[in-house]
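Asks: Encoded as structure tokens, here's the structure I'll be asking about.
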Amino acid sequence: MKKYFRVVKNTWEEILTYRLSFIMWRVRTVVLLLSIYFLWYSVLPKNATLFGYSQSMMLTYILGTSIMLAIVSSTRTYEIGEEINRGNLTNDLLRPINYLLYKFAREVGDKAMNISFSVIELAILFFLLKPPIFLQTDLIFIFFFLISTILAVFVLFFINFLLGLVGFWSPEYWAPRFIFWMIFGFFAGSYFPLDILPETIYNLFHALPFYYLLYFPLKIYLGNVSLPEIYQGIIISLFWLFAFYFLANLVWKRGLRMYTAAGR
């Protein structure tokens, strides 16, 4: 396992090498967060409720998305399509490593950096804005929040891994990824809680994997989900995890049969 820890460390150092690009990414994230924060802060008065949310609950959800996105959505799998198309995948195939674990280690390094900056950014925002937030103290909800977050990390990793494997069949591997992230922001609830939508649309979202990547863990943290609903959500998350894991392995094996190291 030492070699994978080394990969994590190398990824961290690589991000620091291209620090301007990373800082601009974090600035974009903060600007988007502040836009959504002040929107809900102005729409929802302090002593009022809207869609069943008090101001503190809604702002906690919005600020919570910043941490959740750093944990769940930060990824390095965008490199896969490029490696395939340039023939650089050959280098990794010749190394004594498991490619899937190698990419996950790269992802862990990227997430560690994004989480660190996200915590610093939120600490500064808390100091400057002093937002009313909800602190969960029930250990049961905290436990299931952590479990659901870990499951979300793995589910989204395998989805992103699959998107990278598009490179085996097409040089336009960025298009599916771009479309996916456009959909993810809305369907996962990164802009607003999904349960403010009409019931029919909400039930449709409930059946999709996006629901369990961001919205579901945050709802658990807020304590707005019953234990039976939590158990059901964990089981469904496990289903999506195994489904995308087996699909990723299947596509990976089929892709390798077609791989010709073009560009080498």
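Please treat every number below as a calculation from the coordinates, not as lab data. Remember, it's a predicted structure, so these values are computed and weren't measured experimentally. Note: ideal-geometry Cβ built from the backbone for every residue, glycine included; neighbour counts use all protein chains shown.
Asks: Within segment 34-128, list the chymotrypsin sites (Phe, Trp or Tyr not before Pro) lying in a DSSP loop whose Cβ has at most 15 other Cβ atoms in a 10 Å radius.
Replies: Phe51
Asks: Now a separate question. Can you figure out the FRET efficiency of Leu227 with Leu204, using R₀ = 25 Å and their beta-carbon distance, to the nearest 0.05?
Replies: The computed FRET efficiency comes out at 0.55.
Asks: Past 28 Å, Cα to Cα, is the threshold; run Lys46/Lys111; Lys9/Lys219; Lys3/Lys111; Lys3/Lys219; Lys111/Lys219 against it and keep the listed order.
Replies: Listed pairs above 28 Å: Lys46/Lys111; Lys9/Lys219; Lys3/Lys219.
Asks: Here's something else I'd like to know. Can you list, largest first and rounded to whole Å, the semi-axes you get for segment 2-258 by taking the square root of 5 times each eigenvalue of its Cα gyration tensor?
Replies: On the way: eigenvalues 221, 93, 55 Å².
Taking √(5λ) for each Cα gyration eigenvalue gives 33, 22, 17 Å.
Asks: So what's the net charge close to Leu32: Lys and Arg +1, Asp and Glu -1, counting the other residues with Cβ under 12 Å from its Cβ?
Replies: Once all neighbours under 12 Å are counted, the net charge is +1.
Asks: Go ahead and estimate [θ] at 222 nm for the chain from helices alone: -39,500 (n - 2.57) per DSSP H run with n ≥ 4, summed, over the residue count, rounded to 500.
Replies: Helix contribution divided over all residues of the chain: -24500 deg cm²/dmol.
Asks: Moving on to the next point. Under 13 Å from the Cα of Lys103, which aspartates and glutamates turn up, not counting those fewer than eight places away in the same chain?
Replies: Output for Lys103: Glu79, Glu83, Asp92.
Asks: Still on this structure, please answer the following. Which FRET efficiency value, to the nearest 0.05, do you get for Ser35 and Phe180 by plugging their Cβ-Cβ distance into 1/(1 + (r/R0)^6) with R0 = 25 Å?
Replies: About 0.65, to the nearest 0.05.
Asks: Highest mean first, how do 171-182, 238-249 rank when packing is the count of other Cβ atoms within 10 Å averaged over residues?
Replies: So the order, starting with the most tightly packed, is 238-249, 171-182.
Asks: With labels modelled as points extended 7 Å from the Cα through the Cβ direction, what inter-label distance (nm, one decimal) is found for Phe246 paired with Thr90?
Replies: My value for the distance between the label points is 3.5 nm.
Asks: Of the candidates Lys219, Lys130, Lys111, which one comes out as most mobile in a Gaussian network treatment of the chain with C-alpha springs shorter than 10 Å?
Replies: Judging by the Gaussian network model, the answer is Lys130.
Asks: At a 10 angstrom cut-off on C-beta neighbours, averaged per residue, how do the peptides 186-199, 149-162 rank from highest to lowest?
Replies: Answer by packing, highest mean first, reads 149-162, 186-199.
Asks: Between segment 167-205 and segment 66-106, how far is it from one alpha carbon centroid to the other, in angstrom?
Replies: 22 Å
Asks: Now for a separate question. Within the chain, which DSSP H helices have Cα atoms that stretch 27 Å or more along the helix axis and a mean Kyte-Doolittle hydropathy of at least -1.0?
Replies: Details: long enough: 19-43 (36 Å, 1.25); 99-129 (44 Å, 1.04); 139-164 (37 Å, 2.79); 227-258 (46 Å, 0.96).
Qualifying helices: 19-43, 99-129, 139-164, 227-258.
Asks: Got the relative contact order for the chain handy, in percent, Cα pairs under 8 Å and 6 or more residues apart?
Replies: Numbers: 268 pairs, mean separation 71.7, N = 264.
That works out to 27 percent.
Asks: Which one, Leu214, Gly167, Leu227, is farthest towards the positive end of the dipole of segment 140-264 when Lys and Arg carry +1 and Asp and Glu -1 on their Cβ?
Replies: Gly167
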